[in-house]
């Protein structure tokens with residue numbers, strides 16, 4: 001009776017988990033990695049020199065990159081929490097099935 005609902009919830013959870021993985025990849029590969037490469041380029045003095053360049057590199061290395069890494073960590077943590085919740089749903093579903101089967105057996109013995 002509730003099986004369709006459990007399947008629906010699992011599919012939604014899988015979809016959310018996939019989206020979190022995409023977001024984590026995007027944050028890392030499309031923002032963080034290029035930003036680190038830009039810092040290396042600026043530090044080489046090829047495209048920008050002086051106190052402004054030094055201040056920019058410092059800001060990126062001490063504020064922006066650590067914040068991006070923290071965001072990526074939070075996205076990863078949410079994915080793990082969702083996986084944990086899925087396990088809890090599965091365990092609860094199995095427990096309910098056992099209880100219903102036990103009740104059905106009890107009623108069959110009575111009637």
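Bear in mind that the values in this text are calculations on the coordinates, not laboratory data. Please read these numbers as outputs of a predicted model, since none were measured by experiment. As a convention, Cβ positions derive from the backbone with ideal geometry for all residues, glycine included, and neighbour counts pool all protein chains shown.
If I go through the range 48-101 residue by residue, how many of them are under 20 Å from residue 26 (Cα atoms) and in contact (Cβ under 8 Å) with a residue 40 or more places away in the chain? Final tally of qualifying residues: 8. Entry remark, the range 35-51: residues being surrounded by 10 or more Cβ atoms within 10 Å (Cβ to Cβ) and assigned to a helix (DSSP H, G or I) number 9 in total.
So which of 103, 37 ends up being within 30 Å of residue 8 (Cα to Cα) and out of contact with any strand residue (DSSP E or B) (no Cβ under 8 Å at 6 or more places or on another chain)? Talk me through it step by step, then tell me what you get.
Details: 37 fails: within 30 Å of residue 8 (Cα to Cα).
So the residue among 103, 37 that is within 30 Å of residue 8 (Cα to Cα) and out of contact with any strand residue (DSSP E or B) (no Cβ under 8 Å at 6 or more places or on another chain) is 103.
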